[in-house]
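Below you'll find the structure, written out as structure tokens, and then a few comments.
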Amino acid sequence: MAPLPQKRPRQLSLGPLEQEIMAIIWQANLTTATAIHGYILRDPDRELAYASVMTVLQRLGKKGWVTCDRSQRPYRWYPVVSSQEAAVWKAHQQLADFLAVGNPDVVAAFADSLDTASVEQLDAIARRIQAIRQQRQAP
């Protein structure tokens, strides 16, 4: 099983515009605020000020999602974590939040309500966890 990614944003939650801008950055891998703004405005029904894009990019930077290369103009923004790493961290957080309920009856009720495919996935997960534990205990 692969370990958790090393890079983790300081704050995992993103608003809708932050998510949209992250998707654009992941697609381009390195882009400018002007390019992001132009990409969003390709939709004729959208209105968005350039300053709003800059504000969101700065917030994404503070949250640990993007970083800015200021060595040349225009400044270039690139992701700190990949979309795959972000998905892993979000899933990890959701599972941790679910388990934080701490009530085995709640977890059992959830497991009892799953369909066959989901139960098979849980069984596969349990087998992988068991295998990892055995590897850790092996000399």
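Residues in the range 51-62 include at least one that is over 21 Å from the mean Cα position of the chain (by Cα) and part of a helix (DSSP H, G or I). For the subset of the range 16-37 comprising residues that are at pLDDT below 95, on the phi < 0 side of the Ramachandran plot and loosely packed, with under 13 Cβ neighbours inside 10 Å, which member is farthest from the chain's Cα centre (by Cα)? Result: LEU30. Please go through the range 82-139 and give me each residue that is in a loop (DSSP other than H, G, I, E, B), among the small types (Gly, Ala, Ser) and over 25 Å from the mean Cα position of the chain (by Cα), ordered by number. Once the filter is applied, which keeps residues that are in a loop (DSSP other than H, G, I, E, B), among the small types (Gly, Ala, Ser) and over 25 Å from the mean Cα position of the chain (by Cα), the range 82-139 yields SER113, ALA138. For the range 1-12, the criterion of being under 14 Å from ALA86 (Cα atoms), in a helix (DSSP H, G or I) and touching a residue at least 12 places away in the same chain (Cβ under 8 Å) is satisfied by no residue at all. Residues that are of a type in the set (A, V, I, L, M) and out of contact with any strand residue (DSSP E or B) (no Cβ under 8 Å at 6 or more places or on another chain) within the range 61-94 comprise VAL81, ALA86, ALA87, VAL88, ALA91, listed in sequence order.
The values are calculated or read from the model by the stated rules, or taken from the named source; none is laboratory data. None of these values were measured; they are calculated from a predicted model. Note: ideal-geometry Cβ built from the backbone for every residue, glycine included; neighbour counts use all protein chains shown.
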